[in-house]
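Shown next, in structure tokens, is the structure this report addresses.
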Amino acid sequence: MKKVLYSILIVLMGLALAGCEKKTDPQTETQAPTPPRVAQGATIETDEAAPAASVGEADTDLVPIPLTLPRPMFLGTPENIDVPNLQAPLGRTRPPFLAPEGVTNVALNRPVTSSEPFPFMGELDMIVDGDKEGTDASVVELGPFVQWVMIDLEEERDIYAIVAWHFHSTARVYLDIVVQVSSDPEFIDAVTVFNNDHDNSLGQGVGTDQNYVETSEGKLIDCGGVRGRYVRLWSQGNNQNDYNHYVEVEVYGK
């Protein structure tokens, strides 16, 4: 009899201890999978690779370049301009151009030379004097056919944008525009940042950029931070006459 009671007591004690154990909720105690161990130099493929920032890009603030536009000389959409591959008007104000903080117009009051050393109107230094108005008093007129102007920044710069104003008093299109950046004045290592010379009549390569109508906004060229000291701009007349004109050229760099 004692053995039976002793056996029943052991069973009851076992049941009591089991009831005291803490129950585990699988929804709250699920353990995160252990990340795989990767050998040095190996990579793990993912569904979508994150783009890698270039050196210094992640901690560089982009801000609008300090571009001030002159007053417009004409309003509305130009009509009856018979020029092929003409860029359609934006129909609104051009959005601000962003570049690293500290970028300025490094072409202001720098030396200018040209294929036309004695302009028909104005002086070469007017191209970088800060006056962008589309009046006769602000324009530099070069000779007919192929001409170029070159700006010496006097030291190498990282160039993010070039803005050029030809004569914008009326709606006209300047032809065969090529813009280049170089580290040497002979442009042996020239980088072309804009080219709408579609038949290579200047001998600088066939261009794929579009023709455009001159306005007070000028032509803004994204240069992507190309490094150089010299900036050269080519042109070959316009849709109204054979002469070449410049009001201002700004080079935004640091």
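The values are calculated or read from the model by the stated rules, or taken from the named source; none is laboratory data. Keep in mind the model is a prediction, meaning the values are calculated, not measured. So basically every Cβ, Gly included, is an ideal-geometry build from the backbone, and we count neighbours across all protein chains shown.
Before we move on, is GLN204 part of a loop (DSSP other than H, G, I, E, B), of a type in the set (S, T, N, Q) and touching an Asp or Glu at 6+ places or on another chain (Cβ under 9 Å)? Criteria met by GLN204.
Determine which member of the set GLY203, GLY218 is within 19 Å of the chain's Cα centre (by Cα), small (Gly, Ala, Ser) and modelled with pLDDT of 95 or more.
Numbers: GLY203 fails: within 19 Å of the chain's Cα centre (by Cα).
Result: GLY218 is the single residue among GLY203, GLY218 that is within 19 Å of the chain's Cα centre (by Cα), small (Gly, Ala, Ser) and modelled with pLDDT of 95 or more.
Name the residue that is farthest from LEU69 (Cα to Cα), counting only residues in the range 221-236 that are among the small types (Gly, Ala, Ser) and under 19 Å from the mean Cα position of the chain (by Cα).
Going through the qualifying residues, I end up with GLY228.
Select from the range 218-228 the residues that are farther than 16 Å from MET150 by Cβ and in contact with a Ser or Thr (Cβ under 8 Å, 6 or more places away or on another chain) and list them in ascending order. Scanning the range 218-228 gives a single hit, ARG227.
When ASN244, ASN239, ASN211, ASN200 are checked against the criterion of being of a type in the set (S, T, N, Q) and without any contact (Cβ under 8 Å) to a residue 40 or more places away in the chain, a single residue qualifies: ASN200.
Okay, residues lined up against (1) surrounded by 21 or more Cβ atoms within 10 Å (Cβ to Cβ); (2) at pLDDT 95 or above; (3) part of a strand (DSSP E or B):
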site: ASP184; (1), (2), (3): no, yes, no
site: ILE188; (1), (2), (3): no, yes, no
site: VAL193; (1), (2), (3): no, yes, yes
site: ASP197; (1), (2), (3): yes, yes, no
site: GLY224; (1), (2), (3): no, yes, yes
site: ARG227; (1), (2), (3): no, yes, yes
site: ASN241; (1), (2), (3): no, yes, no
site: HIS245; (1), (2), (3): yes, yes, yes
